[in-house]
1. In the set 115, 126, which member is buried (at least 17 other Cβ atoms within 10 Å of the Cβ) and under 15 Å from the mean Cα position of the chain (by Cα)?
2. Taking residue 113 as the residue in question, decide whether it is in contact (Cβ under 8 Å) with a residue 60 or more places away in the chain and under 25 Å from residue 19 (Cα atoms).
3. Could you please give the count of residues in the range 67-81 that are farther than 16 Å from residue 24 by Cα and assigned to a helix (DSSP H, G or I)?
4. Take the residues in the range 42-54 that are out of contact with any strand residue (DSSP E or B) (no Cβ under 9 Å at 6 or more places or on another chain) and in a loop (DSSP other than H, G, I, E, B), then tell me which one is farthest from residue 129 (Cα to Cα).
5. Out of all the residues in the range 2-17, which are in a strand (DSSP E or B) and surrounded by 19 or more Cβ atoms within 10 Å (Cβ to Cβ)?
6. Let me spell it out: the conditions are (1) at pLDDT 95 or above; (2) surrounded by 15 or more Cβ atoms within 10 Å (Cβ to Cβ); (3) assigned to a loop (DSSP other than H, G, I, E, B), and residue 34 meets all of them except one. Which number is the exception?
7. So which of 64, 97 ends up being crowded, with 16+ Cβ neighbours inside 10 Å, in contact with a strand residue (DSSP E or B) (Cβ under 6 Å, 6 or more places away or on another chain) and modelled with pLDDT of 95 or more?
8. Could you give every pair whose Cβ atoms fall below 6 Å, whose first residue belongs to the range 50-68 and is touching a residue at least 60 places away in the same chain (Cβ under 8 Å) and at negative phi, and whose second residue is part of a strand (DSSP E or B) and surrounded by 13 or more Cβ atoms within 10 Å (Cβ to Cβ), counting only separations of at least 6 or pairs across chains?
């Protein structure tokens with residue numbers, strides 16, 4: 001695990017249960033508030049239409065530490081998707097962050113010196129799905145947040161792994177090669 005906490009990026013994908021569109025794919029940037037991640041974090045406080053940023057909170061008056069800002073990867077065009085983002089996904093992200101502190105992935109001693117930016121995927125089909133399983137949406141976002149943070153702080157995948165897999169692993173959406 002790294003100890004400089006200057007600038008660390010990680011991502012993870014956790015797939016939904018069959019029949020759900022609740023795949024989670026957070027892209028995490030974590031670093032010191034006094035460094036480049038802190039500068040980016042502060043600059044993200046400005047709102048952009050359809051990409052409303054919000055803090056990860058567990059409940060009202062319970063913002064997690066390290067402070068975490070969530071930004072949707074897709075344009076949120078309706079109230080239903082915004083409610084999923086600011087409800088289930090927000091809670092799952094917040095719980096994932098604080099559990100990383102509890103489990104020592106993020107050392108408690110530096111948690112107040114760090115901040116996290118989390119780019120979050122919400123499939124636009126979720127809000128219109130009459131069979132949406134919010135528990136599955138919570139599960140995928142919670143697990144993916146924790147995994148992305150762990151990968152960011154552990155420098156995963158390593159360069160050696162990427163080089164070794166260069167010709168054996170393809171992008172999941174690869175239909176062009």
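The values are calculated or read from the model by the stated rules, or taken from the named source; none is laboratory data. These figures come from a predicted structure and were not determined experimentally. We place every Cβ from the backbone using ideal geometry, glycine too, and count neighbours over all the protein chains shown.
1. None of the other options fit; the residue is 115.
2. no
3. Going through the range 67-81 one residue at a time, the tally reaches 2.
4. Among those that are out of contact with any strand residue (DSSP E or B) (no Cβ under 9 Å at 6 or more places or on another chain) and in a loop (DSSP other than H, G, I, E, B), it is 46.
5. Passing the criteria: 8, 10, 14.
6. (2)
7. Testing whether each residue is crowded, with 16+ Cβ neighbours inside 10 Å, in contact with a strand residue (DSSP E or B) (Cβ under 6 Å, 6 or more places away or on another chain) and modelled with pLDDT of 95 or more leaves just 97.
8. Within 6 Å, the pairs are 56/68; 56/70.
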